[in-house]
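Input: a single structure, listed below in structure tokens.
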Amino acid sequence: MTVPTTLTLRHHEGLLARSRKRHEELILQLLYQHGSLSRGELMAMSRMSRTTLYDIVVSLVDEGTVTVSVPEVARRKRGRPVERLALNPEAGRVIGIEFAQRAVRVATANVAHEVIGTASEQHDPGMPWKERVETAYRLVESVVGEPPRPNAVSAIGVGVGVAGAAVTPGTSDVAGAARSDPSGHGPVSALVRQRFGAAVQLDDSIRLAALAESLWGAASGASDVLYLQLSHSISGGLVVGGALHRGGYGAADGFGHITVDPTGAACGCGDVGCLETVASAGAVLAAYRAAGGVAEGLPDLVAALDAGDLTARAVLARAGTWIGRVLVTLFSTIDPRAIVIGGELADMGSAVLGPIARELNLGGMPGVRVQRSLRPARLGEMSAALGALALLRTGTAGTPLLGPPVGPGGIAVPDSALATPRPRPRALAPVSTHRGRARALS
Ligand SMILES: [Zn+2]
């Protein structure tokens, strides 16, 4: 059987177009991750032939996606100055989304890494995934001021954080995303890809909070960071050498399941006496009630603490002590430059953080190092959505971040984009939208 010539040609043209699109995407991703590059640097990183690279750059410059400039220093040198290529900041918006259990949160930035704004909306925990993705789309639209259109920047993609997602290192999707979909509406990433018309990178939301805090939060500028989130569960994330550490099986975050009391209570993980059984929000509330306190939830415990209730103070100090002891071990094995503590319990301030610091000091850690390293989280409830933005810059392969977010090319977050640090846990407003011009943090 002979294949008609026109069909063969069309097939060939289709392959060429796909190959060109892949090349274009690679160039855009490299420019996004590195800020600005020369053609020579791009050629070395992309391993494209000179002809292919130059050809694609010309078309990207013509369509306004990529800009060309000559740095002043290069202009003063003899010979032909080396041009720098960069993404046009107005070429499009990149998007970070966190799908929490009861809320959707989004953060958007331009391709110059300036955060444009953030928004969030609470929902019923049983809301189907399709509707959550639609909510994210609507929130992005409210921040950007227009529907998020697929454009050149869709090559860089949408970063997504989902609770409990386990990323297989080196891939751009997760098994956990399908598992975390109790409503059976298909993997989250597929729904997001479909709705936003862009590539999707997905990771665990608490791990993304760790990335965000290390990039422009409490540990800004530190490349080795241990982030611990004290909430209804205890989890965390590790940033090592400027990149997220996921572990060999994508599960390097089980800090809440470190055994602290081998004779202790049964834990949901099947083990006994995990940190979570003594220091999670639920464990603290149970201990408070067992000691005669009356509290329906954390806000009541906060109120009791504020009213000078010694029992409330004692149960929080006990939880802080357990956490501190675990941190002593982690501190001496991981040696982070910064330990960032987030979550509702951390929001209770010195009542929890004080005992943690005390244990670290007692554990033989040099006092100055501990004082410098222990920091309350700064980015509040938007940390995972911002981390999803940061993920786009590092990729799931874990390219290290390129240094602290200062100066041109660094990531800047306007204060207005950050939910105010939560001094006390309280109900969130149903919808909150923050918009503001990006400016560098000092
Ligand atoms: Zn456990």
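The values are calculated or read from the model by the stated rules, or taken from the named source; none is laboratory data. Since we're looking at a predicted model, the values are computed, not measured. Cβ coordinates were reconstructed from backbone atoms using ideal geometry, including for glycine residues, and neighbour counts include every protein chain displayed.
Restricting 321, 333 to residues that are surrounded by fewer than 15 Cβ atoms within 10 Å (Cβ to Cβ), assigned by TED's automatic domain parsing to the domain that holds residue 244, more than 16 Å from the ligand (Cβ to nearest atom) and of a type in the set (S, T, N, Q) narrows the list to 333.
Here is the figure for region 260-269: residues that are within 7 Å of the ligand (Cβ to nearest atom) and free of Cβ contacts under 8 Å to residues at least 12 places away in the same chain total 2. Return the residues of region 313-350 that are farther than 23 Å from residue 205 by Cβ, hydrophobic (A, V, I, L, M, F, W, C) and modelled with pLDDT of 95 or more; say none if nothing qualifies. Residues satisfying the conditions are 314, 315, 316, 317, 322. For region 114-138, enumerate the residues that are part of a strand (DSSP E or B) and surrounded by fewer than 22 Cβ atoms within 10 Å (Cβ to Cβ). Across region 114-138, the qualifying residues are 114, 116, 121, 122. The listed residues are 239, 278, and the only one of them that is within 16 Å of the ligand (Cβ to nearest atom), aliphatic (A, V, I, L, M), in the same structural domain as residue 356 (by TED's automatic domain parsing) and touching a residue at least 12 places away in the same chain (Cβ under 8 Å) turns out to be 278. Of all the listed residues (287, 252), the sole one being surrounded by 17 or more Cβ atoms within 10 Å (Cβ to Cβ), more than 13 Å from the ligand (Cβ to nearest atom) and either modelled with pLDDT under 95 or β-branched (Val, Ile, Thr) (or both) is 252. The set of residues from region 68-113 being in a loop (DSSP other than H, G, I, E, B), of a type in the set (S, T, N, Q) and more than 23 Å from the chain's Cα centre (by Cα) comprises just one member, 88. Since residue 210 meets every condition but one in (1) away from the ligand (no atom under 16 Å from the Cβ); (2) in contact (Cβ under 8 Å) with a residue 24 or more places away in the chain; (3) in contact with a Ser or Thr (Cβ under 8 Å, 6 or more places away or on another chain), which condition does it not meet? Every condition holds for residue 210 apart from (3).
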